[in-house]
Each structure stands twice: as structure tokens, then as C-alpha cells.
Amino acid sequence: MHVAVFSTTPTDRTFLGEANSGGRHQLIFIEARLDATTAAAAAGAQAVCAFVNDRLDAPALRELQRLGVRMVALRCAGFNNVDLAEAAALGIAVGRVPEYSPYAVAEHTVALILTLNRKIHRAHSRVREGNFALEGLLGFDLHGRTVGAIGTGKIGECFLRIMAGFGCRLLAHDPRPSEACRQLGVQYVELAELLERSDVVSLHCPLTPQTRHLIDARALARMRPGAMLVNTSRGAVIDTRAAIAALKSGRLGSLGLDVYEEEADLFFRDLSGDMIRDDVFARLLTFPNVVVTGHQAFFTEDALRAIAATTLGNLDAFEATGRPDHPVSVERIA
Ligand code: NAI
């Protein structure tokens with residue numbers, strides 16, 4: 001099939017190219033992000049391959065269908081950027097990569113926690129400037145602390161397993177509790193209780209209408225004073241302005257983000273020679289107790305190899321049967 005691959009980076013070319021053994025699909029690499037204004041670049045393709053910040057809303061999907069595109073192959077797990085109802089109405093199949101390396105994201109979550117707790121970001125700059133003073137770098141033992149995971153799917157479970165190794169007490173909230181997590185000693189509680197009891201709260205749920213701004217001013221006010229909040233799920237699960245207010249008041253102890261509500265205008269590009277036009281994001285960067293990474297939690301060799309293999313598998317299956325191996329259906333958003 002002809003596949004228009006949007007938001008392509010050199011790394012995508014390498015991994016997707018390797019997975020496309022024998023050149024069975026013709027991959028057309030396009031740097032632009034996919035939205036209604038760029039969809040025309042898919043002319044001649046039967047499928048598009050899209051990433052997290054491509055915007056597959058109704059106008060974009062209608063344009064893709066008009067051009068003859070019959071499948072969207074998401075090379076990511078999340079699918080909040082696709083209007084699934086519209087895709088179904090237009091007869092466009094949507095495939096995704098439900099699982100590639102939960103370890104990649106879970107390990108990055110732990111990296112954010114350790115960085116914030118032991119102030120590695122500040123220690124690194126200090127030492128490079130010959131400042132070996134310890135004042136301001138005080139952390140706490142994770143051992144014995146309470147960690148709460150919101151969402152215990154593949155990544156949440158993997159994260160809790162790592163934190164069990166640190167000797168943490170484990171809480172979780174998920175409408176569909178996992179038996180594997182229970183066996184690990186995880187206690188499932190209501191969201192309010194998780195927020196009230198956790199020293200570290202980590203988000204691992206998908207972004208849905210129900211989870212948009214799940215962590216808002218009220219939720220933040222329920223958290224233990226000085227607690228840490230970490231988000232490697234999707235930016236809009238946190239109301240960023242409310243988080244900034246909680247940081248300013250000192251109520252929120254620290255914040256680690258790999259995702260941000262308005263990241264589509266910032267992440268995955270080199271803007272170092274430009275200015276940051278997003279004042280909310282710029283404010284976040286002024287706090288010493290905030291660490292932000294640019295949606296890189298998934299970014300390991302192992303994960304990229306698995307993502308490329310599953311994405312090509314979805315394309316193969318769609319070409320052979322009219323259905324990707326891992327379809328996303330409209331019921332998923334219910
Ligand atoms: P998953 O589908 O295995 O698990 C998600 C869990 O969240 C499920 O158990 C579900 O029941 C639960 N959930 C749904 N609504 C909830 C709610 N209101 N409160 C609490 N839990 C709720 O998904 P997986 O693979 O664990 O990924 C989780 C999320 O991580 C993805 O949806 C995606 O947004 C994000 N992600 C981020 C990456 C990054 O690079 N930062 C990479 C991959 C995924």
C-alpha cells in the first residue's frame with residue numbers, strides 16, 4: 001500500500017524503514033503534522049501513519065477520505081487525537097499500537113520522580129558551575145512512602161511493580177482494577193482517598209472526556225501538602241493553570257511532566273532559536289520544583305522497534321483482510 005507517514009523524524013524513518021522489510025509498503029515520509037490543512041499531502045495514499053500530535057478531527061478525516069485514504073495507522077497507544085465516530089461514519093479503519101514497551105514509559109516516570117525528589121536537575125547545573133553546596137537539594141527516602149497510580153493498565157502496572165521494588169506502599173484508582181496489581185499488594189481506593197494519602201501521585205490513564213482535567217483545583221486541594229504529581233499519560237488530564245496555582249501556593253510540592261495540554265504547538269521540534277509563545281508553559285519552566293520532558297517517555301530503542309513492527313503489522317493486516325490487527329473502535333471512547 002501507499003502510506004503517507006506524517007510528523008516524520010529521522011528516527012521514524014530508520015525504525016519504520018527497517019520494519020518495512022522487502023519494501024512491501026511504499027512509505028512516503030512527510031515532516032508536516034497531519035491536520036485538515038496538511039491532509040492533502042496524503043493524495044495517492046491508501047493509508048496514513050500518524051503520531052500523537054497529528055490532529056485527525058472531522059475536517060481532516062473527511063479530506064483524507066475524499067483523497068481515497070481508507071486506514072489510519074497510529075504509531076502510538078493513545079488515540080484521543082482521532083475523531084473515532086467520524087472515522088467510523090466515513091468507513092476509515094483506525095489501528096494503533098496498544099502495547100510496545102510499558103517499561104519505557106514506566107521507567108521514564110520513575111526517572112522524573114527520582115529527578116524531582118533528589119533534585120538531580122539542580123545538582124547537575126550546580127556541579128558544572130563548581131557549586132558543591134547541598135542546601136536546597138534535600139530529598140526523602142522513597143522507601144516506606146505511599147505512591148498512588150491513577151490507571152493500572154499496562155503502564156500503570158509496570159510502574160507499580162518498579163515502585164514495589166523501592167519498598168513503597170502502593171495505592172491505585174481504576175474503574176477496572178487489575179488482579180495482577182492486587183497480587184502485588186496494591187490497594188484500590190477511590191480517587192479522593194488516593195489523593196489524600198499519596199506522597200507521589202502518578203497518572204497512567206488515557207485522556208477521555210471523563211479524565212480531561214481529572215486533576216483540577218479541587219483534586220489538587222485534596223492532595224497531601226507537599227506531595228509530588230507526575231504525568232506521563234496525556235497533558236490534558238491535568239488542568240495546568242490549576243497546577244501552577246498549587247505550585248505558587250506551595251501546596252503542590254513538585255511536578256513532573258512528560259506531556260502538556262498544549263504540547264502540539266511545542267513538542268517534537270527544535271524551537272531553541274525561537275521564543276516560547278505559550279505563557280502558561282513558560283511559567284511552568286520558572287519553578288525549581290518542576291521538571292518537564294518533551295513527550296519522550298516512549299523513546300527507547302526497544303519501544304521504537306516494537307512500535308514500527310506493530311504499525312507495519314496493522315498495515316499488512318488491513319491490506320489482507322480490511323481490518324488492522326489492533327483496531328480502535330468507537331466504543332473505546334464510551
Ligand atoms: P491501558 O489501556 O493499558 O491502561 C489504561 C488504564 O486506565 C485502564 O486500566 C483503564 O481502566 C484506566 N482508566 C480509564 N479511565 C480511568 C479513570 N477515569 N481513572 C483511572 N483509571 C482509568 O493503557 P497504557 O498502555 O497503560 O497507557 C496509559 C496511557 O499512557 C495511554 O492512554 C497514553 O495516553 C499514555 N502514554 C504515554 C506515553 C508517553 O510517551 N508519555 C507513551 C504511551 C502511552
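Here are some notes:
- Whole-number accessible area per residue in Å² for the range 102-292, which is evaluated in the context of all protein chains at 1.4 Å: 50
- Sequence-distant residues sharing a close amide H with ALA227 (under 5 Å, placed H): GLY253
- Summed side-chain charge close to GLU263 - residues other than GLU263 whose Cβ falls under 13 Å, Lys, Arg +1, Asp, Glu -1: -2
- With 0.36 nm allotted per residue and the present C-alpha distance subtracted, the ALA192-ASP274 stretch has 25.4 nm of extension available.
- Split the accessible area of the range 102-292 by element, probe 1.4 Å, and carbon with sulfur accounts for 51%.
- Under the combined filter of DSSP loop state and at most 16 neighbouring Cβ atoms within 10 Å, the range 137-229 retains these GluC sites (Glu not before Pro): GLU190.
- Loop-located chymotrypsin sites (Phe, Trp or Tyr not before Pro) in the range 198-284 (DSSP state other than H, G, I, E, B) with a sparse environment of at most 10 neighbouring Cβ atoms within 10 Å are absent.
- Among the trypsin sites (Lys or Arg not before Pro) in the range 273-324, those located in a DSSP loop and surrounded by at most 11 other Cβ atoms within 10 Å of their own Cβ are ARG277.
- Reducing the range 1-27 and the range 277-315 to their Cα centroids gives an inter-centroid distance of 20 Å.
- Look at where the Cα atoms of the range 111-142 and of the range 76-91 average out, and the two centres are 42 Å apart.
- 14 Å beta-carbon shell around LEU90, net charge (K/R +1, D/E -1): -1
- Other residues with beta-carbon under 12 Å from the beta-carbon of THR8 carry, at +1 per Lys or Arg and -1 per Asp or Glu, a net charge of 0.
- Taken about its Cα centre, the range 102-292 carries a charge dipole of about 460 debye when Lys and Arg each add +1 at the Cβ and Asp and Glu each add -1 at the Cβ.
The values are calculated or read from the model by the stated rules, or taken from the named source; none is laboratory data. Please read all numbers here as calculations on a predicted model, not as lab measurements. No Cβ is skipped: glycine too gets one built from the backbone with ideal geometry, and neighbour counts run over all protein chains shown. The area values use the complete protein model at the heavy-atom level, side chains included, leaving out ligands, DNA and RNA. Shrake-Rupley method; radii C 1.70, N 1.55, O 1.52, S 1.80 Å.
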